[in-house]
Amino acid sequence: MLSWAVLGVTACTGETPNYCESQEDCASGYYCAPTKTCLPREAGVPDGPGGDATVDAAVDLGARRQDGESCQADSQCKSTFCVDGVCCDKACSGTCQSCVVSGSEGTCQFAAATTDPRGDCKGADSDCDGSCDGSGACLFPGEETSCGAVSCTGGVLTSGACDAKGTCEQRDESCGGFACKNANSCRTTCTLEAHCVAPASCDLADNSCKSAQADGTPCGTNGALCTSGYCVDGVCCASASCPECQACNISGKEGSCQAVIDGKSCGGGTSCAAGTAKVESCVAGSCVATTSPCAPYACNTLGTACAPNCADDTSCASTAYCDTVDSQCKPKRASGETCASDIECQAGLQCTKAEGVCCAIACGGECETCAGKSACTPKAAGTLCGSGDVCTNGGSSSTLTHYACDGSAGTCQSSAIPCGAFTCAASGDACNTSCTQHSHCISTHYCGSSGSCVPKRANGTTCAEDGQCKSGICSTGESVCCDRQCNGECESCSGKAQCTFKAAGTTCAAGETCHDYATESKVESSECDGSSGSCHLVLVKHCLNYKCDTTTTNECLTNCNYGNQTLCASGYTCRYNPISTPIGVLPFYTCD
């Protein structure tokens, strides 16, 4: 780097060579140039600043400094521009320009945003100083930046705000109806009227200061909030009050008195007296009363409405009674209508015990009636009374006793009706009129196939079962009625009144049969003995050499054809017998 020392020039007397703040810093023959550098005076020029190029011309241009190198004077730089303490490529004298931007030293650039390296963006008020915007212009704070002093007087807050040009502008802002809290702030809530500035008033509903509001605006209960001065039903209203059945806060019509919804209770609401209920309700903006009878109920004990149900007759009208089964009041019964007690009957009537109907006169006998009438009269003849119909079984006879009213004197009379061959029905109040079993008939009869009861049969007559016989025994061996069961083969009751032995020689069991015994075979006959009722065997004939013929039940074999030894009796042999075999006939075999 070329310096004055190289040229043999020692110009400055200060602590830093070649740098000067005033003329005193330069040696004789030099002057302090505007670039803060001591430069030689021109020849022939008296003491004092002078010369502008004489010394510069003496410097070798090839020895001048490159852009970006430090300098104190333009003459030190090849570019002839010494800016911001370095050689620069141009004069770089514009607002928010710099030749020492980091990384670009020696080249004129816009100063970085938020910086102000040369103080180009100083404001008229220090609170509003700006900074470079990075594009070669100053950016000053706007009204969002407060400046200067703040004060509050009479509900007006005075404060300063920057105008985005470097100047602090004073402005007044209302506290929005609130009074000043102190010398430099507004109140934000109120609990007293003194916390607000007239004409605003304190709305205790939300503790805010509000100016007088138009009709229909919510006001709580504070009429001071309203232009009209009236706060009705929670809104500012054109009227000081609304008539009953009208309101000032009807949706969509707020601010004037309008009809409320029909049916809303008004006046005395609901009441009840002397069995008549009265309901007062709103109709088209007016309070209208309607009445309705409570019958069959009475008024409730509070006198506010008709009783809804009953526990006793006190909750019912005089023309009704309380049915405790369903807790309902029901109209009292007229003459001839059914009842359970006198209270159920209309005035002047009583409930008859016999029939349970309302009647002007109590009916004493069961053959008297008041049903459908106003006085007691005899019941029709034949009307059941007393025990009604009672049927009694008596073994050989059954009787139905019929209890019925006589139809004239009002008395109950009985008559006996025989059931004939039938017994009493299972119900006990009638005779059977047909049968399906013997028990439906009296003891001397049985149930026939036609469903009628017929007389039981004498001994010796045919029968199918015991119940058909007088003796109660149908002998199973012969199917006849008998004094006892004739179960033996040699006993009989047929045509007789009792069981007797069959005559001796009477065939019994299987009759004549051939039997193969161990020692012989023989034909025997089963016959009754005639005295004990026993059936025994009587010899008919011996089979001798042969056994019984199995193809019949009562014959002996007479040959053993084909040599069948099993057909011969014990001790005999089956042999061919040519003598007994006719010519042209199969061989004949005999047991010999």
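The values are calculated or read from the model by the stated rules, or taken from the named source; none is laboratory data. What you are looking at is a predicted structure, and each value in this text was computed from that prediction instead of being measured. Cβ placement follows ideal geometry from the backbone for every residue including glycine, while neighbour counts extend to all protein chains displayed.
Of all residues in segment 476-510, those satisfying the criterion of being under 30 Å from residue 556 (Cβ atoms) and at pLDDT 85 or above are 490, 502, 503, 504, 505, 506, 507, 508. Residues in segment 399-408 include at least one that is outside any strand (DSSP E or B), in contact (Cβ under 8 Å) with a residue 12 or more places away in the chain and charged (D, E, K, R).
Residues of segment 205-240 that are within 25 Å of residue 187 (Cα to Cα) and charged (D, E, K, R): 206, 210.
Restricting the search to strands (runs of 3 or more DSSP E) fully inside segment 226-334 and requiring at least 1 residues that are surrounded by 13 or more Cβ atoms within 10 Å (Cβ to Cβ) and β-branched (Val, Ile, Thr) gives 265-273, 276-283, 286-293. The set of residues in segment 517-551 being of a type in the set (Asp, Glu) and either in contact (Cβ under 8 Å) with a residue 40 or more places away in the chain or touching an Asp or Glu at 6+ places or on another chain (Cβ under 8 Å) (or both) consists of 520, 524, 549.
The set of residues in segment 349-403 that are within 30 Å of residue 423 (Cα to Cα) and either in contact with a helix residue (DSSP H, G or I) (Cβ under 8 Å, 6 or more places away or on another chain) or among the hydroxyl-bearing types (Ser, Thr, Tyr) (or both) comprises 383, 387, 392, 396, 397, 398, 399, 401, 403. For a quick check of your reading of the model, give me the residue pairs whose first member lies in segment 74-97 and is at positive phi and assigned by the TED database to the domain that holds residue 132, whose second is in a loop (DSSP other than H, G, I, E, B) and of a type in the set (Ser, Thr, Tyr), with beta-carbon atoms closer than 9 Å and at least 6 apart or on different chains. Cβ pairs passing all conditions: 92/107; 96/115; 96/135.
Residues of segment 248-263 that are farther than 16 Å from residue 228 by Cα and out of contact with any Ser or Thr (no Cβ under 6 Å at 6 or more places or on another chain): 250, 251, 252, 253, 258, 259, 260, 261, 262.
For segment 418-446, what are the residues that are touching a Ser or Thr at 6+ places or on another chain (Cβ under 7 Å), without any contact (Cβ under 8 Å) to a residue 24 or more places away in the chain and assigned to a strand (DSSP E or B)? If the condition is that a residue be touching a Ser or Thr at 6+ places or on another chain (Cβ under 7 Å), without any contact (Cβ under 8 Å) to a residue 24 or more places away in the chain and assigned to a strand (DSSP E or B), then 418, 441 are the ones that fit. Do we find a residue being in a loop (DSSP other than H, G, I, E, B) and without any contact (Cβ under 8 Å) to a residue 60 or more places away in the chain anywhere in segment 507-516? Checking segment 507-516: not a single residue is in a loop (DSSP other than H, G, I, E, B) and without any contact (Cβ under 8 Å) to a residue 60 or more places away in the chain.
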